[in-house]
Amino acid sequence: MSPVWRGPVEITLRHLEILQAIVVSGSISKAKRALGLSQPTISQQLAKFEELLGAQLIYRQRGNDGQLTQAGEHWFKVAQSVLGTLDQATVNHKARLGKDGVELHFGTTPSMRGRFMEKAATLSRDIPGFSRMEFVWALGSAELVEMIATHRINCAILSEASVVEYKMSIHMVHLFNDKIVLAVPADVDDAALVRTLNRLEHDDDETSPLRNYVEVGKEVPWKSRSEHWYRQRMPRAAPYFSCMTHQGAVDIVAAGLATCHAPLSLLPNLPNSVRDRIKVYDLGEYVRDAVLVMPKHLLTLRPFAEFQQRLSDWVIDEYSEAHLEQELLSLPELRIAAE
């Protein structure tokens, strides 16, 4: 790779990309995913960069090797500026001088599939100027932020809290407030659920769906809240099943095997074959503000500006509380208490 700066030190774009990925990811080991390189290769490249500069950039600490030195702070700002400028120039060139148009790289979590994916794909075809659209899935918002920061994707739906530190360079549109809901097999009787929530029933059948729940992967930011809820409200339920995604967890619930927590925003994207076999209860807890994000400089290009406007308008309408909560039930113990 040609050096960015010739002189006593030859710094390449790869050096800057590696430093940025380590800082954004939080550690050398986590940067593997963003860079597509092995951990030894990343460590070697970082060491070479530090050798060229004659300065340490990152403190090496077990479990936290992403903390910057004073020199690291300086070169991280340089990396953000240089790589951001290069990305903007490349996109502008393709939009204004290229023959094929610009590419849309859209990131989201698996729960935003189904109708949402269909709409986003349709808009990319309807709006002139896009030459290609790529969907990229991530298990959580933190991974999507990492992809945005390292220019792996240029548009995403994620949690607002995860992208606060990038507000200066990222354009955000608020879409909806998401809730945690309890998914239960449709054939579970409300009375049985009431007895379970009030600890009045001691079901010895360990295969009962009310004795089992699905634990969703560690990437879920509200996992500890979910575990606490089960300990307090359904203490006899065990996390027999474990699953990487909320959609997979709900599939297990639909099979009549367990209960699970899931985001309310998942419901519109479930196939009817699954939706008809579950009941969904309101727990009264909001877990995130969902936002549509893209780098601010892309809004100067008509295809991106129009895509952002039309998709956000559609999502705000389709995922409004009025639509999402149509089939949401109150927990039966609360309903009975009110009576």
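The values are calculated or read from the model by the stated rules, or taken from the named source; none is laboratory data. All values derive from a computational prediction rather than experimental measurement. Because the Cβ atoms are built from the backbone with ideal geometry, glycine has one as well, and the counts that use them run over all protein chains shown.
Applying the condition of being part of a strand (DSSP E or B) and of a type in the set (D, E, K, R) to region 127-163 and asking which residue is surrounded by the most Cβ atoms within 10 Å (Cβ to Cβ) yields E134. Could we say that R277 is assigned by TED's automatic domain parsing to the domain that holds P221 and over 14 Å from L182 (Cβ atoms) here? For R277, the condition - assigned by TED's automatic domain parsing to the domain that holds P221 and over 14 Å from L182 (Cβ atoms) - is met. Of all residues in region 118-133, those being of a type outside the set (S, T, Y) and touching a Phe, Trp or Tyr at 6+ places or on another chain (Cβ under 7 Å) number 5.
Let's see how each residue does on (1) closer than 24 Å to K119 by Cβ; (2) in contact with a Ser or Thr (Cβ under 6 Å, 6 or more places away or on another chain); (3) in contact (Cβ under 8 Å) with a residue 24 or more places away in the chain:
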| residue | (1), (2), (3) |
| --- | --- |
| P268 | yes, no, yes |
| S273 | yes, no, no |
| K279 | no, no, yes |
| L283 | no, no, yes |
| L301 | yes, no, yes |
| A305 | yes, no, no |
| E318 | yes, no, yes |
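Quick check on region 98-110. Is at least one of its residues surrounded by 14 or more Cβ atoms within 10 Å (Cβ to Cβ), more than 25 Å from the chain's Cα centre (by Cα), modelled with pLDDT of 85 or more and part of a loop (DSSP other than H, G, I, E, B)? No: region 98-110 contains no residue that is surrounded by 14 or more Cβ atoms within 10 Å (Cβ to Cβ), more than 25 Å from the chain's Cα centre (by Cα), modelled with pLDDT of 85 or more and part of a loop (DSSP other than H, G, I, E, B).
Residue by residue, here is whether (1) surrounded by 16 or more Cβ atoms within 10 Å (Cβ to Cβ); (2) within 29 Å of P239 (Cα to Cα); (3) in contact with a helix residue (DSSP H, G or I) (Cβ under 6 Å, 6 or more places away or on another chain) holds:
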position: A262; (1), (2), (3): yes, yes, yes
position: L283; (1), (2), (3): yes, yes, no
position: R288; (1), (2), (3): yes, yes, no
position: K296; (1), (2), (3): no, no, no
position: Q309; (1), (2), (3): no, no, no
position: S312; (1), (2), (3): yes, no, no
position: E321; (1), (2), (3): no, no, no
position: S330; (1), (2), (3): no, yes, no
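Output yes when any residue across region 276-289 is closer than 15 Å to L158 by Cα and β-branched (V, I, T), and no when none is. For region 276-289, residues closer than 15 Å to L158 by Cα and β-branched (V, I, T): present.
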